[in-house]
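One structure is given here, and the rest of the page talks about it.
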Amino acid sequence: MKEIPARWKWIALGLILSILFLSSDSTRSYWKKRRYYSHLKKQLEEIKTKNKNLKIEIERLKNDPSLIGEVARKELRMSKPGEIEYRFVIEPSSKN
């Protein structure tokens, strides 16, 4: 029988070890955690951006009284003294 060259033995051993390493749970777990880490990193950047925008809005509300009035009228449905507010109520239709 013909002897297999040492080079081919090392190549076969390397392939077997690579297959075992790549199919192990620890490797899959590593890549799963890495994807999750990337997801969290992206979420953190979005939250930082949102936080920055909220800080800007807070500063605007502190320094601009007309903006405070606008927000109060829009979000809290407040009105100025002596102002008449009209509200239209739409009844839901009773079609069968």
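A short reminder: the numbers here are calculations on the coordinates, not readings from a lab. This one's a predicted model, so the numbers in the text were calculated from it and none came from an experiment. So basically every Cβ, Gly included, is an ideal-geometry build from the backbone, and we count neighbours across all protein chains shown.
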>> For percent of Cα pairs over 16 Å apart, one of [x] 45; [y] 80; [z] 49 was computed from the structure I shared and the rest are decoys. Which label?
In response: [y]
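So if we plug the beta-carbon distance of Lys62 and Arg35 into 1/(1 + (r/R0)^6) with R0 = 41 Å, what FRET efficiency do we get, rounded to 0.05?
0.50
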>> What do you get for the angle between helix 25-63 and the principal long axis of the chain? Use alpha-carbon atoms, 0 to 90 degrees, nearest ten.
In response: 20
> Considering the dipole of the chain built from charges on the beta carbon (Lys and Arg +1, Asp and Glu -1) around the Cα centre, which of Ile90, Ile47, Ser29 is farthest to its positive end?
Replying inline: Ser29
>> Ranking request for peptides 83-92, 41-50: highest mean number of other beta-carbon atoms within 10 Å first, then the rest in descending order.
In response: 41-50, 83-92
> Taking only Cα atoms, what is the 0 to 90° angle, nearest 10, from helix 65-75's long axis to the longest principal axis of the chain?
Replying inline: 80
> 222 nm [θ] for the chain, helices only, -39500 (n - 2.57) per DSSP H run of 4+, per residue, to 500?
Replying inline: -25000 deg cm²/dmol
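Placing unit charges on C-beta atoms (Lys and Arg positive, Asp and Glu negative, everything else neutral), compute the dipole magnitude of segment 6-75 about its Cα centre in debye, rounded to 20. Kindly include the intermediate steps, with their values, before the conclusion.
Working: 17 positive and 8 negative charges, 98 e Å.
The calculated dipole for segment 6-75 is roughly 480 debye.
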> What distance in nm separates the simple spin-label points at Lys48 and Thr27, each placed 7 Å from Cα in the Cβ direction?
Replying inline: 3.3
